[in-house]
Amino acid sequence: MSRLRSGRTLSVLGLAAELDVSDETIRRELRTLEEQGVVIREHGGARLAALAFEGPLNQRMEENADAKLRIARAAAELVTDGAIVFIDSGTTSCFIARQLVERRGLTIITNSLQVAGDLGAINGNRLFLAGGQMDYDYRAFSDHQAQAFVRGFTPHLAILSVGGISLDRGLMDFHPGEAEMSRIAYATAKQVMLGV
């Protein structure tokens, strides 16, 4: 993704050589990214679609903080002691996690270092942190390895804060890996809470 952010059209052959993978692997990944609306495929390559980019987590945590806190307080009232909860890495979800520090015996499944830091090792909580390649801007894991990890759980509740909802594409986010993580949690959880 960082190579695509340069704004240039990148060639399939160049990407394949640089990443030491087959041309078909690059084409397959570009098809997936095109379906997600992230890239525009052109003859022999692709360029980044005109997307807005989110800033780093600490910056996003400050944006609309009062509204996120109000949402978090209301949402936290719906989480009971002993619940099994997936919490994604979105900023509203991070605010919700902070409001859950008084709950006891939670089982937390997350891909967020922020959520893990807020809720792990307190009040008898159990923490399951998805691993893989970390996205430092998000302070989270959302690659294929992290997604496979999250698929292994059936939480009572998934707390998600997504960038948008589309009738055609479902849950959407600025980050393709985060969007897929939300779709997985949405599909596996018994109940879903959207903090948007």
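Looking only at the range 91-101, decide whether some residue is part of a loop (DSSP other than H, G, I, E, B), in the same structural domain as M172 (by TED's automatic domain parsing), at pLDDT 95 or above and over 13 Å from the mean Cα position of the chain (by Cα). Don't jump to the end; show me each part of the working.
Step one: of the range 91-101, the residues part of a loop (DSSP other than H, G, I, E, B) are 100-101.
Right, trim to in the same structural domain as M172 (by TED's automatic domain parsing) and you get 100-101.
Narrowing the set further to residues that are at pLDDT 95 or above leaves 100-101.
Within this subset, residues satisfying the condition of being over 13 Å from the mean Cα position of the chain (by Cα) are 100-101.
Yes, some residue in the range 91-101 is part of a loop (DSSP other than H, G, I, E, B), in the same structural domain as M172 (by TED's automatic domain parsing), at pLDDT 95 or above and over 13 Å from the mean Cα position of the chain (by Cα).
Enumerate the pairs (first residue in the range 127-139 and over 22 Å from R103 (Cα atoms) and assigned by TED's automatic domain parsing to the domain that holds V85; second residue anywhere and in a strand (DSSP E or B) and of a type in the set (S, T, N, Q)) with beta-carbon separation below 9 Å, excluding pairs fewer than 6 apart on the same chain, so at least 6 apart or on different chains.
Y138/S112; R139/S112
Given the conditions (1) over 15 Å from the mean Cα position of the chain (by Cα); (2) under 18 Å from M181 (Cβ atoms); (3) in the same structural domain as T154 (by TED's automatic domain parsing), and given that L33 satisfies all but one, which numbered condition is not satisfied?
All conditions are met except number (3).
Identify, by number, the condition in (1) surrounded by 15 or more Cβ atoms within 10 Å (Cβ to Cβ); (2) under 27 Å from E35 (Cβ atoms); (3) basic (K, R) that R169 doesn't meet.
With respect to (1) surrounded by 15 or more Cβ atoms within 10 Å (Cβ to Cβ); (2) under 27 Å from E35 (Cβ atoms); (3) basic (K, R), R169 is out only on (1).
Give the number of residues within the range 146-175 that are outside any loop (DSSP other than H, G, I, E, B) and at pLDDT below 80.
The total comes to 6.
Filter the range 112-126 down to the residues that are among the charged types (D, E, K, R) and either more than 25 Å from E102 (Cα to Cα) or not in a strand (DSSP E or B) (or both) and list them by number.
Residue satisfying the conditions is D118 alone.
Scanning for something part of a helix (DSSP H, G or I), acidic (D, E), out of contact with any strand residue (DSSP E or B) (no Cβ under 8 Å at 6 or more places or on another chain) and surrounded by fewer than 21 Cβ atoms within 10 Å (Cβ to Cβ), does the range 127-138 turn up at least one residue? It would help to see each step written out before you state the result.
At the first step, the residues of the range 127-138 found to be part of a helix (DSSP H, G or I) are none.
Within the range 127-138 (the criterion being part of a helix (DSSP H, G or I), acidic (D, E), out of contact with any strand residue (DSSP E or B) (no Cβ under 8 Å at 6 or more places or on another chain) and surrounded by fewer than 21 Cβ atoms within 10 Å (Cβ to Cβ)), the answer is no, since none of the residues qualifies.
Restricting to the range 8-17, name every residue that is under 27 Å from the mean Cα position of the chain (by Cα) and either farther than 22 Å from H175 by Cβ or free of Cβ contacts under 8 Å to residues at least 12 places away in the same chain (or both). Show your work before the answer.
To start, the set of residues in the range 8-17 that are under 27 Å from the mean Cα position of the chain (by Cα) comprises 8-10, 12, 15-16.
Listed by number, the residues that qualify are V12, A16.
Considering the range 182-196 alone, what residues qualify as being of a type in the set (V, I, T) and in contact with a strand residue (DSSP E or B) (Cβ under 6 Å, 6 or more places away or on another chain)?
Listed by number, the list holds a single entry, V192.
S89 fails exactly one of the following numbered conditions: (1) touching a residue at least 40 places away in the same chain (Cβ under 8 Å); (2) more than 20 Å from P155 (Cα to Cα). What is the number of that condition?
(2)
Evaluate the following for R73: is it more than 24 Å from D137 (Cα to Cα), surrounded by 12 or more Cβ atoms within 10 Å (Cβ to Cβ) and not assigned by TED's automatic domain parsing to the domain that holds D135?
no
Provide a single number: the residues in the range 25-59 that are under 30 Å from K190 (Cβ atoms), part of a helix (DSSP H, G or I) and either of a type in the set (A, V, I, L, M) or at pLDDT below 80 (or both).
2
Among (1) surrounded by fewer than 24 Cβ atoms within 10 Å (Cβ to Cβ); (2) in a helix (DSSP H, G or I); (3) in contact (Cβ under 8 Å) with a residue 12 or more places away in the chain, there is one condition D81 misses while meeting the rest; what is its number?
Every condition holds for D81 apart from (2).
Specify the residue that is surrounded by the fewest Cβ atoms within 10 Å (Cβ to Cβ); the eligible residues are those in the range 111-126 that are of a type in the set (A, V, I, L, M) and within 23 Å of G163 (Cβ to Cβ).
Taking the candidates together, the pick is L113.
The values are calculated or read from the model by the stated rules, or taken from the named source; none is laboratory data. Since the structure is predicted, the reported quantities are computational estimates derived from the model, not experimental observations. Glycine gets a Cβ as well: all are built from the backbone with ideal geometry, and neighbour counts include every protein chain shown.
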